[in-house]
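Below: one structure, written as structure tokens.
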Amino acid sequence: MNSITLQTIDHPLLPKVLELDQVCFNGLWAIAGYHREVDSLNRELIALLSGDRSIGYSVTVLYQICSLAQF
């Protein structure tokens, strides 16, 4: 039985993510879109892997909130 692991998605893992995107979403995103997301500083992409197969993934948008206070 294969274990299930979480892994940060990087460029070499994108073909597996794209394969899952095709199965689940009929190719909603192109590979170029995933490359932009991986390169973005305010995104975190996590894959759920079973052995060498991608079985899920998440794209999280990280926001930096600034507040200015006047005294």
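The values are calculated or read from the model by the stated rules, or taken from the named source; none is laboratory data. What you see is a predicted model; the values in this text were computed from it and never measured. Glycine gets a Cβ as well: all are built from the backbone with ideal geometry, and neighbour counts include every protein chain shown.
For the range 1-19, name all the residues that are at pLDDT 90 or above and aliphatic (A, V, I, L, M).
Matches in the range 1-19: 4, 6, 9, 13, 14, 17, 18.
Which one is surrounded by the most Cβ atoms within 10 Å (Cβ to Cβ), of the residues in the range 10-35 that are in a helix (DSSP H, G or I) and of a type in the set (A, V, I, L, M)?
Here the residue is 17.
Could you check, for the range 28-49, whether at least one of its residues is at pLDDT below 90 and β-branched (Val, Ile, Thr)?
Checked the range 28-49: no residue is at pLDDT below 90 and β-branched (Val, Ile, Thr).
Give the range 36-54 a look and list any residue that's hydroxyl-bearing (Ser, Thr, Tyr) and surrounded by 15 or more Cβ atoms within 10 Å (Cβ to Cβ), or say none.
Matches in the range 36-54: 54 only.
Just the residues that are in contact with a Ser or Thr (Cβ under 9 Å, 6 or more places away or on another chain) and assigned to a helix (DSSP H, G or I), please, taken from the range 39-49.
None - no residue of the range 39-49 is in contact with a Ser or Thr (Cβ under 9 Å, 6 or more places away or on another chain) and assigned to a helix (DSSP H, G or I), so the list stays empty.
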